[in-house]
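One structure is given here, and the rest of the page talks about it.
The values are calculated or read from the model by the stated rules, or taken from the named source; none is laboratory data. Please read all numbers here as calculations on a predicted model, not as lab measurements. Cβ sites come from the backbone with ideal geometry, for glycine too, and all protein chains shown count toward neighbours. Ligands, DNA and RNA are excluded from the accessible area calculation, which covers all protein heavy atoms including side chains. Shrake-Rupley method; radii C 1.70, N 1.55, O 1.52, S 1.80 Å.
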Amino acid sequence: MADNSYSWPKAEETSALGKRVNRIDGVEKASGRAKYTYDIQLPKQLIARALGCPHAHCKIVSIDTSVAEKVPGVVHVHVFEKAKPGSEIQWQGELIAAIAAESDGAAVEGLSKLKIQYEMLEVFVDDANLAAAQAANRATKGGGKEQTEREPGDDDDEKEFVTAEFARLFKESKYVIDGFYGIDAITHCCLEPHGATVAWNGDKLLAYLSTQNVSGTDEQFADGLKIAADDVEVRCEHIGGGFGSKFAPDYWGVAAAEISRATGRPVKLMLDRDQELKIAGNRPSAYLKVKLGADANGVIQVWDSEHWTSGGATGGGVPHNGVIPYVFEPKNYRRSQINIQTNLGPQRAWRAPNHPQACAITHTAIDDLAARMGADSMDIFLRNLGTDDARRIGGAKPSVYRAEIELAAKLMDWKAKWHPHGKGAAKGSVVDGLGLAIHTWGGGANDSNCNLKIHPDGSVETFCGTQDLGVGTRTAIALVLSETLGIPYTGIKVNLGSSKLPVSGPSGGSTTIGGVSESHRRAATDALAKIGDLVAKKLGVAADTLVAANSRIGVKGQPDKSLSWKEACNLIGMRPLEVTGSFKRGTPSPLSNSTVGGVQMAHVLVDKDTGVVKINKFVAVQDMGLVVARKQAESQIYGAIIMGIASALFEQRIADRASGAFLNSELRDYKLARLGDIGDIVVEIYEPESERSRGVIGLGEPPVISPGAAISNAVANALGVRVPVLPLTPQRVLEALQKAGRA
Amino acid sequence: MKNFEYAAPTTESEALQLLGDSSVSTEILAGGTDLVGLMKKMIVTPDRVVNILGIPSLRTLERRVDGQLWIGAAVTLDTLLDSPYLAGYDAVTQAIRGINSMQFQCQGTIGGEICQRPQCWFFRGGRGLLGEGGQAAANGDNRYHAIFGNDGPAKFVHSSRIAPALIALGAAVRVIGGAAGRGPDGADGEVGERLVPIAEFFQTPRHERQRETILAPNQLVTHIVLPSPAGIANATYEVRHGEGPDYPLAAASAALRMDGERVADARIVMGQVAPTPWNTVAAAALLRGRSIDETVAEAAGQAAVADATPLSQNAYKVQLAKVAVKRAILAAAGHPTGGF
């Protein structure tokens, strides 16, 4: 049953919701007063640094720590359990030992004195190369699915029927595309690496952890340390990036606590950049071979694909289920998946897990269909949407995508800029091109609890065990409270970032904004009702005639029948009013919802002589239900696009086939987009009443999905040649041109 | 980082004394943009670090009556960019601007820029300057490695972005110390001093004990000396993957001595393609006596890379080097480059 006691005000009646405001912690962050985990310095703290395994695949034969222990300043040497002699190390960078010392320099020097004997084992890191993976016995079947519109007859052999049906469908297709597409693995590359500063007070642990999960990591520390969870407090006031990789304390966080327990001193252990990139998470690679058939209108009738993917040494990767082909759902399809096991660090959830890869390897095929037809790509995308009554897609409604595509096309001036693939005019060696892609995401509200405290002097504060992943959660919460209580958002104190606060869900899956909006709208509505009863009694009016606005509570339109917010709060009595707000994930609610759509278009310039690609303009149209904090929502979209441009043009994990080494594990070599690389980004939130009335839906992930495909399609439109694998480096662009005989 | 002794001399001779003590390994510190990172990763582990920023003579910028520009080795790149003396040295200005990082420009010095260590990921990953005698790059991922001069163990590319311009413009380097007896006034016991043509300053190391310059541990670069740019049309063109401070994929600097519309003499030097900056005589020869247009520049680019010997994964760099040469020549002659 939907709980209808709560609701949002109409768009024209809002005072705070959806307004474009500055962050309440903006000055704190810009001035450096905001404390990140990396900034935490505790009295008598030891600095711990860890040694990563230099080899991608080996056995630890022996470890001699005796010399390291004698290095001046070294206090404690900790050998990780998984690196004890006899253990097999499966990827470069896996931590072998940590040394806690009086200084960073002493810790590093201590590490250099560890004497470790390795037995080298066979290495495989070439996840793009299916044949090599099969030859090395590193490829395993990851399942698949086939579906045909026609059913086999009772007497038909099912396999033979499907084979015959696919053959017929391809034969009847006006256009058949055989394509290969791929996207390399990238890392999370959090600006603030993973790690913790920990201190014991008796048998109680205080852990400053760089995490997107304060309410869930206390249990994990407790489990690793064999102590009670209520003896652990995890704090994270601010975080320098997580992107899905920081849900756990990790074994190095637990080790910091063990070293602290052994030495009796606080310990700081943060990964260095090289370790951060090598072991603290990456987004799986994915490569796909596909044959698709379409009718004369470019509507896909049949899809037949095999993709291979790698989540590193521990398996996994991009699943076929739910994302291949992406968003579009042809009536006839056959898809299969192969998982490749490598000697590279294990994958972690990366902003919209699996969607960016799936979009990049399938929406490119649809663009190639348009190229083959000599058609405008936008028209082919539109024709494959279907209608709300006869959908050809999953995710958001076709009518929503249609409206968003039209809006994006107008902002891009698509029709004026469009030219058939490879047929644009060149300026010197520079050609331009347009591309688009579409995406979807869930973003339903997570669990969230809060305690809202309203003091008799009118001050308002809330306590919530969520965290601000850098997106402006404090500001969004303040806006919800401001809207509900009718007071300015700037004076509201938002306390979050501790596991001792009311439990809230981890910030993953774009679920935070829904969760905290739910709990706070509920708590504030309930609190206001209580204050309203007191005000009604004082004014001698019915409580249901009262409204809270402009820092007053009173009868609407009757200024003489009202009290100021402070006067009203004075009625609470001597002690603050405390109200709890709770939301359980999955509860139907008029306040929040799930499933969004989005459309992105890229206009690029490509220098055919150097293979260098530049973004000229990028348009993103995104729906997200009701917008809570408009400026912060727009910032999320800008950030996602910049991140998407980075993985489309620059980012890739480069693993050396010969040694298995992760070669570009420093920011010197790990290329990211800079301000000069991102072009003119136009962000438009699609929020007609039909979307707004759905309630709050998460936004953090969806806008990062489409950039890869949109940019690849734009480059293909510019060159008339597909550069099959992302990122589109100059080398790959030149090699694709050469292969096509267009160099 | 290994513990080290830190010294901050205030004179050239004091610096040489500190560097000349053969009982300790030394490194010269200027802006530190390269050295500090290498020390933190323990790729270089000096016993003593000699900071030369406090030596006044190394921070001067002087135009002499003969038109030469003497640039102190510890002059920062942003100081150079701001200097009116850099007028006419377009190839140098463009190379410094290309670094695209105010931090590097403000902190980095010209001496440090030309003496920076290779960016090679095998070297920076702790596998030696030559990367296991060249085997790491020969058998491994060499997409950013050399396409010229790579027949020996050194497969890395020289990283300096300004050196090609300095060579093209005919610069020299004032080196002091160590070479007592070798320099023009270097009697034993005195501070040796000599001006080395900058093209001869760089070398391809053959083994791990050699470095990428001829500088001995007890020597110091004090000045870069540029001849007058009068009558020299010059430019640098870098092929960059993005607008960040990342190193170019290929680069070239061109200096053309013009005789009316025609090229009387030329020097074309490629960067990021070999273990040293790579002077292309063939491209220069092709330009002599001709006026510059796109066809001539294209032919010079082609000539520049005719003898390239790419490794297993970097053939694309041959095309990029060709384009860099072509565009540097066009830019020097004041023509549009036709690309970004």
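Of all residues in region A:508-561, which are among the acidic types (Asp, Glu) and not in a helix (DSSP H, G or I)?
We begin by selecting, within region A:508-561, every residue among the acidic types (Asp, Glu); these are A:518, A:526, A:533, A:544, A:560.
Once the filter is applied, which keeps residues that are among the acidic types (Asp, Glu) and not in a helix (DSSP H, G or I), region A:508-561 yields only A:Asp560.
Return only the number of the condition from (1) within 14 Å of another protein chain (Cβ to nearest Cβ); (2) closer than 23 Å to A:Pro707 by Cα that A:Gly442 does not satisfy.
Only one criterion is unmet by A:Gly442, namely (1).
Let's see how each residue does on (1) open to solvent by 80 Å² or more (accessible area, probe 1.4 Å); (2) part of a loop (DSSP other than H, G, I, E, B):
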position	(1), (2)
A:Lys145	yes, no
A:Glu151	yes, yes
A:Ala164	no, no
A:Phe170	no, no
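For region A:668-680, state whether one or more residues are farther than 22 Å from A:Asp413 by Cβ, away from every other protein chain (no Cβ under 11 Å) and surrounded by fewer than 19 Cβ atoms within 10 Å (Cβ to Cβ).
No, there is no match, as no residue in region A:668-680 is farther than 22 Å from A:Asp413 by Cβ, away from every other protein chain (no Cβ under 11 Å) and surrounded by fewer than 19 Cβ atoms within 10 Å (Cβ to Cβ).
Quick check: is even one residue across region A:178-185 out of contact with any strand residue (DSSP E or B) (no Cβ under 6 Å at 6 or more places or on another chain) and outside the structural domain of A:Ala648 (by TED's automatic domain parsing)? It would help to see each step written out before you state the result.
From region A:178-185, those out of contact with any strand residue (DSSP E or B) (no Cβ under 6 Å at 6 or more places or on another chain) are none; that's our starting set.
Within region A:178-185, not a single residue is out of contact with any strand residue (DSSP E or B) (no Cβ under 6 Å at 6 or more places or on another chain) and outside the structural domain of A:Ala648 (by TED's automatic domain parsing).
If A:Gly424 passes every condition in (1) under 27 Å from A:Leu288 (Cβ atoms); (2) in contact with a strand residue (DSSP E or B) (Cβ under 8 Å, 6 or more places away or on another chain); (3) touching a residue at least 40 places away in the same chain (Cβ under 8 Å) but one, which one does it miss?
(1)
Kindly evaluate A:Lys608 against the criterion of being out of contact with any helix residue (DSSP H, G or I) (no Cβ under 6 Å at 6 or more places or on another chain), within 14 Å of chain B (Cβ to nearest Cβ) and under 20 Å from A:Pro284 (Cα atoms). Show your work before the answer.
Details: out of contact with any helix residue (DSSP H, G or I) (no Cβ under 6 Å at 6 or more places or on another chain): yes; within 14 Å of chain B (Cβ to nearest Cβ): yes; under 20 Å from A:Pro284 (Cα atoms): no.
So A:Lys608 fails the test.
Under 8 Å between Cβ atoms, which residue pairs at least 6 apart in sequence (or on different chains) link something in region B:8-24 that is closer than 16 Å to B:Gly192 by Cα with a partner that is at pLDDT 95 or above and assigned to a helix (DSSP H, G or I)?
So the pair list comes out as B:Thr11/B:Ser57; B:Glu12/B:Ser57; B:Glu12/B:Leu58.
Would you please list the contacts, defined by Cβ atoms under 6 Å and residues six or more apart or on different chains, that run from a residue in region B:243-263 that is farther than 17 Å from A:Gly676 by Cα and more than 14 Å from every other protein chain (Cβ to nearest Cβ) to a residue that is part of a strand (DSSP E or B) and of a type outside the set (A, V, I, L, M)?
B:Ser253/B:Thr236; B:Ala255/B:Asn234; B:Ala255/B:Arg267; B:Arg257/B:Asp265; B:Glu261/B:Ser291; B:Arg262/B:Ser291
Test each condition in (1) of a type outside the set (A, V, I, L, M); (2) without any contact (Cβ under 8 Å) to a residue 12 or more places away in the chain; (3) crowded, with 19+ Cβ neighbours inside 10 Å for A:Lys556 and report the one that comes out false.
(3)
If you take the residues in region B:104-118 that are touching a residue at least 40 places away in the same chain (Cβ under 8 Å) and open to solvent by 30 Å² or more (accessible area, probe 1.4 Å), which one is nearest to the other protein chains (Cβ to nearest Cβ)?
The initial filter retains those residues of region B:104-118 that are touching a residue at least 40 places away in the same chain (Cβ under 8 Å), namely B:104, B:107-118.
Of the ones still in play, those that are also open to solvent by 30 Å² or more (accessible area, probe 1.4 Å) are B:104, B:107, B:112, B:115.
Numbers: B:Phe104: 12, B:Gln107: 15, B:Gly112: 16, B:Cys115: 18 Å.
Once the filter is applied, the top-ranked residue is B:Phe104.
Please specify each residue of region A:74-116 satisfying the condition of being surrounded by fewer than 18 Cβ atoms within 10 Å (Cβ to Cβ) and facing another protein chain (nearest Cβ under 10 Å).
A:Ser103, A:Asp104, A:Ser112
Pairs needed: first member in region B:51-80, modelled with pLDDT of 95 or more; second member anywhere, basic (Lys, Arg); C-beta distance under 7 Å; at least 6 residues apart or different chains.
Matching pairs, first to second residue: B:Leu69/B:Arg63; B:Trp70/B:Arg64; B:Gly72/B:Arg59; B:Ala74/B:Arg59; B:Val75/B:Arg59.
Residues that are open to solvent by 10 Å² or more (accessible area, probe 1.4 Å): which strands (runs of 3 or more DSSP E) entirely in region A:174-239 hold 3 or more of them? Write out each step before concluding.
Values: elements: A:175-183, A:195-201, A:204-209, A:232-235.
It comes to A:175-183, A:195-201, A:204-209.
Which members of region B:36-87 meet the condition of being open to solvent by 10 Å² or more (accessible area, probe 1.4 Å), under 25 Å from B:Arg97 (Cα atoms) and within 14 Å of another protein chain (Cβ to nearest Cβ)?
Selection gives B:Val36, B:Gly37.
What's the total number of residues in region B:319-338 that are surrounded by 20 or more Cβ atoms within 10 Å (Cβ to Cβ) and within 11 Å of another protein chain (Cβ to nearest Cβ)? I'd like the intermediate steps shown before the answer.
So the first thing to find is which residues in region B:319-338 are surrounded by 20 or more Cβ atoms within 10 Å (Cβ to Cβ), and the list is B:319-333, B:337.
Going one step further and asking which of them are within 11 Å of another protein chain (Cβ to nearest Cβ), we end up with B:319-324, B:326-327, B:330, B:337.
Of the residues in region B:319-338, 10 are surrounded by 20 or more Cβ atoms within 10 Å (Cβ to Cβ) and within 11 Å of another protein chain (Cβ to nearest Cβ).
Taking the conditions exactly as written (charged (D, E, K, R), more than 14 Å from chain B (Cβ to nearest Cβ) and open to solvent by less than 30 Å² (accessible area, probe 1.4 Å)), does A:Glu404 satisfy them or not?
In short, yes.
Among the residues of region B:123-138, is there at least one that is buried (at least 24 other Cβ atoms within 10 Å of the Cβ), within 27 Å of B:Thr236 (Cβ to Cβ) and modelled with pLDDT of 95 or more? Don't jump to the end; show me each part of the working.
So in region B:123-138, the residues buried (at least 24 other Cβ atoms within 10 Å of the Cβ) come out as B:125, B:130-131, B:136-137.
Those left that are additionally within 27 Å of B:Thr236 (Cβ to Cβ): B:137.
Next, from what is left, pick out any that are modelled with pLDDT of 95 or more: B:137.
Scanning region B:123-138, I find at least one residue that is buried (at least 24 other Cβ atoms within 10 Å of the Cβ), within 27 Å of B:Thr236 (Cβ to Cβ) and modelled with pLDDT of 95 or more, so the answer is yes.
Determine if region A:385-394 includes at least one residue that is modelled with pLDDT of 95 or more and open to solvent by less than 10 Å² (accessible area, probe 1.4 Å).
Yes; the residues of region A:385-394 include at least one that is modelled with pLDDT of 95 or more and open to solvent by less than 10 Å² (accessible area, probe 1.4 Å).
If we keep just the residues of region A:629-659 that are at the interface with chain B (Cβ under 10 Å from one of its Cβ atoms) and not aliphatic (A, V, I, L, M), which is most open to solvent (accessible area, probe 1.4 Å)?
A:Arg657
Can you spot a residue in region B:283-303 that is surrounded by 16 or more Cβ atoms within 10 Å (Cβ to Cβ) and in contact (Cβ under 8 Å) with a residue 60 or more places away in the chain?
Scanning region B:283-303, I find no residue that is surrounded by 16 or more Cβ atoms within 10 Å (Cβ to Cβ) and in contact (Cβ under 8 Å) with a residue 60 or more places away in the chain, so the answer is no.
Here are some conditions: (1) part of a helix (DSSP H, G or I); (2) open to solvent by less than 10 Å² (accessible area, probe 1.4 Å). A:Val604 meets all but one. Which one does it not meet?
It fails just one condition, (1).
Looking only at helices (runs of 4 or more DSSP H) that fall completely inside region B:121-176, which ones have 3 or more residues that are small (Gly, Ala, Ser) and more than 13 Å from chain A (Cβ to nearest Cβ)? Reasoning before the result, please.
Working: elements: B:121-124, B:135-139, B:163-168.
So the answer is B:163-168.
So which of B:Val49, B:Val65, B:Val24, B:Val92 is among the β-branched types (Val, Ile, Thr), within 28 Å of B:Gly126 (Cβ to Cβ) and either in contact with a Gly (Cβ under 8 Å, 6 or more places away or on another chain) or not in a strand (DSSP E or B) (or both)? Working first, answer last.
Values: B:Val49 fails: either in contact with a Gly (Cβ under 8 Å, 6 or more places away or on another chain) or not in a strand (DSSP E or B) (or both); B:Val65 fails: within 28 Å of B:Gly126 (Cβ to Cβ); B:Val92 fails: within 28 Å of B:Gly126 (Cβ to Cβ).
Answer to the selection: B:Val24.
Being surrounded by 22 or more Cβ atoms within 10 Å (Cβ to Cβ) and touching a residue at least 60 places away in the same chain (Cβ under 8 Å): is that true of A:Arg351 here? Please lay out each step first, then the result.
Details: surrounded by 22 or more Cβ atoms within 10 Å (Cβ to Cβ): yes; touching a residue at least 60 places away in the same chain (Cβ under 8 Å): yes.
Here the answer is yes, as A:Arg351 does meet what is asked.
Examine region A:117-126 for a residue that is under 25 Å from A:Asp656 (Cβ atoms), away from chain B (no Cβ under 14 Å) and crowded, with 16+ Cβ neighbours inside 10 Å, and state whether such a residue exists.
yes
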